[in-house]
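The next block holds one structure in the form of structure tokens; read it before the comments.
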Amino acid sequence: MPVAEFDAIILGAGAAGLLCASTAAQRGRRVLVIDHADEAGKKILISGGGRCNFTNSGTVPERFLSANPRFARSALARYTPQDFLAMVERHGIAWHEKTLGQLFCDGSARQIVAMLMDECARGEPAAFAMGQAVTDVAHRDGRFHVTLPGRAVQAPALVIATGGPSIPKMGATGFAYDLARRFGLKVVQPRPALVPLTLDDGELLFRSLSGVSAPVIASVGKTAFREAALFTHRGLSGPAILQISSYWRHGEPVAINFLPDRGEGWMRAAKRDNPRTTVGRLLGAALPDRLAEALGERLALAGELANLPDKALARAEQVLGAWRFTPNGTQGFAKAEVTAGGVSTDGLSSQTMAARALPGLHVIGEAVDVTGWLGGYNFQWAWASGWAAAQAL
Ligand SMILES: Cc1cc2nc3c(=O)[nH]c(=O)nc-3n(C[C@H](O)[C@H](O)[C@H](O)COP(=O)(O)OP(=O)(O)OC[C@H]3O[C@@H](n4cnc5c(N)ncnc54)[C@H](O)[C@@H]3O)c2cc1C
């Protein structure tokens, strides 16, 4: 079998693998990128509703989850949203900030993939082996030996950039974890994140509201997100819920503040100012109709405010400000935008993403136990970790 020699082999032509390959190629390294998919950057193509939310200008390490919250600091500081944006601008890709620092293409996510492929063709152009299943990976004599159907390749460095198992129907796998374990790295239990939450039949309030969206504060313990929540036929979704899902653990309650702009005492103030009105009308002025109706029924406070005791109104305020429910689960990896957990950072260098025990082996992107908030943070981690690894190739 013919054996080809490279400086580095990158497994995975996704966000992290492509940024790593282009950076290494431009440092003059002979790089081979291998992917079982026939097209590079498939998740980039579907990201951000087809417009790719490629970074977030508010990137700070605190917006990433990991068993070691300090791990991401170095890479994020050395390759910033501005660095990626400079590349986007060099390629003449028009972009805009949507909200909360989220940067999107004006046109199509295809432009981001085309840009990365173009960058891979500079310097020492990266080679690609697309649509190729890896049949074996071994390490001996200081080299990684990768076997593909009918072909073997080797290099002193191997980069695992095969992502996590979210959206398996797009070819996502837990391959990174299997490989990392084989080389002695630990894996933090992977779990679906940025994922809709599901409810059982007891939570009829939410079920009856399928399709309704409202700005809320969703919280788990001390962590809270103020964004929109969307009621679905299976439970809850929308940005606030996706964000909080990353922090939620089975059995924990989630609290929703349906009226985040109303201060304490607002119902009692309304009673003074407008005693003839009803709780139903108050809610109707503040919330989408169907939600106001459903919450009004649950509160069961009939009649004019003038006739309702202050205590009952204070209690209603409390309930509306922290509506608690316990999800029975999530929609799982099939619908999760990312995977939390992954290859443990314990065994990796935060400077180079290299395994401490086997320095030629690097793990980057979503495969690592670093997970960003919704809003461009996960791509920023993919770019930053890919760039950091490339400096050591
Ligand atoms: C619907 C959706 C929308 C998203 N939108 C955004 C967004 O707008 N902004 C944002 O920041 N993040 C977004 N994300 C998350 C983001 O796509 C990922 O965090 C990011 O792609 C991770 O990059 P990665 O390179 O680590 O993995 P990936 O991009 O998943 O790349 C992994 C690559 O490895 C390949 N691979 C997997 N297994 C094997 C194997 N066994 N052998 C060979 N190759 C293999 C895959 O084919 C893939 O090409 C979105 C995710 C989804 C699912």
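The values are calculated or read from the model by the stated rules, or taken from the named source; none is laboratory data. Because the structure is predicted, anything quoted here is derived from the model rather than measured. Cβ coordinates were reconstructed from backbone atoms using ideal geometry, including for glycine residues, and neighbour counts include every protein chain displayed. Each accessible area value is taken on the protein alone, full model and side chains, heavy atoms only, with ligands, DNA and RNA left out. Shrake-Rupley method; radii C 1.70, N 1.55, O 1.52, S 1.80 Å.
Worth a mention:
- Residue within segment 68-82 that is of a type outside the set (Ser, Thr, Tyr), away from the ligand (no atom under 13 Å from the Cβ) and touching a Lys or Arg at 6+ places or on another chain (Cβ under 8 Å) present: no
- Given (1) surrounded by fewer than 17 Cβ atoms within 10 Å (Cβ to Cβ); (2) in contact (Cβ under 8 Å) with a residue 12 or more places away in the chain; (3) not polar (S, T, N, Q), index of the condition Arg356 fails: (2)
Listed here are the residues, each with its yes/no results for (1) hydrophobic (A, V, I, L, M, F, W, C); (2) touching a Cys at 6+ places or on another chain (Cβ under 9 Å).
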| position | (1), (2) |
| --- | --- |
| Asn307 | no, no |
| Leu320 | yes, no |
| Val338 | yes, no |
| Ala354 | yes, no |
| Ile364 | yes, yes |
| Gln380 | no, no |
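- When segment 10-40 is filtered for residues that are more than 13 Å from the ligand (Cβ to nearest atom), assigned to a loop (DSSP other than H, G, I, E, B) and either small (Gly, Ala, Ser) or touching a Leu at 6+ places or on another chain (Cβ under 6 Å) (or both), the ones remaining, listed by number, are Gly28, Arg29.
- Members of segment 173-191 found to be buried (at least 22 other Cβ atoms within 10 Å of the Cβ) and within 11 Å of the ligand (Cβ to nearest atom), listed by number: Ala176, Tyr177
- Strands (runs of 3 or more DSSP E) enclosed by segment 93-170 - at least 3 residues per element that are assigned by TED's automatic domain parsing to the domain that holds Ala37 and within 14 Å of the ligand (Cβ to nearest atom): 95-97, 102-105, 127-130, 143-148, 157-160
- Close pairs (7 angstrom Cβ cut-off, 6 or more residues apart or separate chains): of a type in the set (Phe, Trp, Tyr) in segment 137-151, open to solvent by less than 30 Å² (accessible area, probe 1.4 Å) anywhere: Phe144/Ile9; Phe144/Val137; Phe144/Ala155; Phe144/Leu158; Phe144/Gly360
- Among the conditions (1) within 30 Å of Ile10 (Cα to Cα); (2) open to solvent by 40 Å² or more (accessible area, probe 1.4 Å); (3) touching a residue at least 12 places away in the same chain (Cβ under 8 Å); (4) away from the ligand (no atom under 16 Å from the Cβ), the only one that Trp373 does not satisfy is (4).
- Selected residue (only one of Ser349, Ser385 is surrounded by fewer than 23 Cβ atoms within 10 Å (Cβ to Cβ), assigned by TED's automatic domain parsing to the domain that holds Leu179 and not basic (Lys, Arg)): Ser349
- Sole exception among (1) within 22 Å of Gln391 (Cβ to Cβ); (2) crowded, with 18+ Cβ neighbours inside 10 Å for Glu124, by number: (2)
- With respect to being within 23 Å of Glu252 (Cα to Cα), modelled with pLDDT of 95 or more, open to solvent by 10 Å² or more (accessible area, probe 1.4 Å) and within 12 Å of the ligand (Cβ to nearest atom), Ala334 fits the description.
- Candidate set: segment 308-331, residues that are charged (D, E, K, R) and part of a helix (DSSP H, G or I); chosen: the one surrounded by the most Cβ atoms within 10 Å (Cβ to Cβ): Glu317
- Yes/no for Ala86 being in the same structural domain as Gly375 (by TED's automatic domain parsing), among the hydrophobic types (A, V, I, L, M, F, W, C) and assigned to a helix (DSSP H, G or I): yes
- Condition met for Ala67 (assigned by TED's automatic domain parsing to the domain that holds Leu348 and open to solvent by less than 70 Å² (accessible area, probe 1.4 Å)): no
- Residue within segment 41-62 that is assigned to a helix (DSSP H, G or I), within 7 Å of the ligand (Cβ to nearest atom) and open to solvent by less than 30 Å² (accessible area, probe 1.4 Å) present: yes
- Selection within segment 58-91 - of a type outside the set (A, V, I, L, M), farther than 21 Å from Cys20 by Cα and in contact with a helix residue (DSSP H, G or I) (Cβ under 9 Å, 6 or more places away or on another chain): Gly58, Arg63, Ser66, Asn68, Pro69, Arg70
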